[in-house]
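Take a look at the structure set out below.
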Amino acid sequence: MEDNNSHGFHAGQSGLVVRVPEAEPAVRAWRERLDPSARAGVPAHVTVLFPFLDADRIDQDVHDTLGEVFGRHPSFEVRFERCGRFPGLLYLVPDPDTPFRDLTEAVVERWPDTPPYGGKYGDAVPHLTVAQDLDEAAVERAEADLLSRLPVGTRVSAVDLVVHDGTRWRLRASFALR
């Protein structure tokens, strides 16, 4: 999850993410130093939707609906073979990215008041954030290191709901893909 609040998450904030544990060996050291979400307890992941609903709005009906929404989507294989960049951000590119886009679109269709990143960006590009707010030299070093550790592949079979408790991100629920 990209930190869009001056590296300050707030209690009750939630997000929907796909964990990518297979990427941890390649990205952990960079993320721990250079990605605020890693320091706040979020593992390597591709964001499906952030921010989602505030925790006080997430009741059993929301859980049930998330289960239905994600249960309509098949599990899929994804590989990370290259890096990408946004201004101030280094990330791994998922291939294919369409299944992630489909998941995001399905959630936003059901909860249209939750656009990706609060509507801050036009197109929500699926990505696995490695580092934020880097100078160009640091980006070059990180990218060279990452490229030596790729490719990484995984099977995506669930989407996790994570909630910030004021200090760390905690897993609230996991929803299986079909």
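Every residue in the range 61-88 that is out of contact with any Leu (no Cβ under 8 Å at 6 or more places or on another chain) and among the hydrophobic types (A, V, I, L, M, F, W, C), please. Across the range 61-88, the qualifying residues are VAL69, VAL78, PHE86. Considered as a group, the residues in the range 143-159 that are outside any loop (DSSP other than H, G, I, E, B) and closer than 13 Å to ASP95 by Cα include one that is nearest to the chain's Cα centre (by Cα), and that residue is VAL156. Going by the conditions given, is TYR121 of a type outside the set (Asp, Glu), touching a strand residue (DSSP E or B) at 6+ places or on another chain (Cβ under 8 Å) and outside any helix (DSSP H, G or I)? Taking the combined requirement at face value, the residue does not satisfy it.
Just so you know, in the range 111-129 the residues that are closer than 23 Å to ASP64 by Cα and touching a residue at least 40 places away in the same chain (Cβ under 8 Å) include one that is surrounded by the most Cβ atoms within 10 Å (Cβ to Cβ), and it is PRO116. Test VAL152 against the stated conditions and say whether it is in contact with a strand residue (DSSP E or B) (Cβ under 6 Å, 6 or more places away or on another chain) and at pLDDT 95 or above. It is true that VAL152 is in contact with a strand residue (DSSP E or B) (Cβ under 6 Å, 6 or more places away or on another chain) and at pLDDT 95 or above. Checking each residue in the range 69-85 for being out of contact with any Phe, Trp or Tyr (no Cβ under 9 Å at 6 or more places or on another chain) and either surrounded by fewer than 16 Cβ atoms within 10 Å (Cβ to Cβ) or over 18 Å from PRO96 (Cβ atoms) (or both) picks out ARG72, PRO74, SER75, GLU77, GLU81, ARG82.
For the range 53-60, check the following and say yes or no: at least one residue is open to solvent by 40 Å² or more (accessible area, probe 1.4 Å), in contact (Cβ under 8 Å) with a residue 24 or more places away in the chain and within 16 Å of LEU177 (Cα to Cα).
Step one: of the range 53-60, the residues open to solvent by 40 Å² or more (accessible area, probe 1.4 Å) are 54, 56-57, 59-60.
Cutting the leftovers down to in contact (Cβ under 8 Å) with a residue 24 or more places away in the chain gives us 54, 56.
Retained after the next criterion (residues that are within 16 Å of LEU177 (Cα to Cα)): none.
No, the conditions are met nowhere in the range 53-60.
Being more than 22 Å from GLU22 (Cα to Cα) and in contact with a helix residue (DSSP H, G or I) (Cβ under 7 Å, 6 or more places away or on another chain) is true for just one of ALA106, ALA55. Which residue is that? Break it down into steps so the answer makes sense when it comes.
Values: ALA55 fails: in contact with a helix residue (DSSP H, G or I) (Cβ under 7 Å, 6 or more places away or on another chain).
Answer to the check: ALA106.
Sort out which residues of the range 87-101 are under 14 Å from the mean Cα position of the chain (by Cα) and either free of Cβ contacts under 8 Å to residues at least 24 places away in the same chain or outside any strand (DSSP E or B) (or both), and write them in order of number. Don't jump to the end; show me each part of the working.
Filtering the range 87-101 down to residues under 14 Å from the mean Cα position of the chain (by Cα) leaves 89-94, 97, 99-101.
Passing the criteria: ASP97, PRO99, PHE100, ARG101.
Among the listed residues GLY15, GLY41, GLY67, GLY84, which satisfies the condition of being of a type outside the set (A, V, I, L, M, F, W, C), outside any loop (DSSP other than H, G, I, E, B) and under 14 Å from the mean Cα position of the chain (by Cα)? Steps first, please.
Numbers: GLY41 fails: outside any loop (DSSP other than H, G, I, E, B); GLY67 fails: under 14 Å from the mean Cα position of the chain (by Cα); GLY84 fails: under 14 Å from the mean Cα position of the chain (by Cα).
Only one candidate qualifies: GLY15.
The values are calculated or read from the model by the stated rules, or taken from the named source; none is laboratory data. This structure is a prediction, so every number in the text was calculated from the model and none was measured. No Cβ is skipped: glycine too gets one built from the backbone with ideal geometry, and neighbour counts run over all protein chains shown. To get the accessible areas, we keep the full protein, side chains included, count just its heavy atoms, and leave off ligands, DNA and RNA. Shrake-Rupley method; radii C 1.70, N 1.55, O 1.52, S 1.80 Å.
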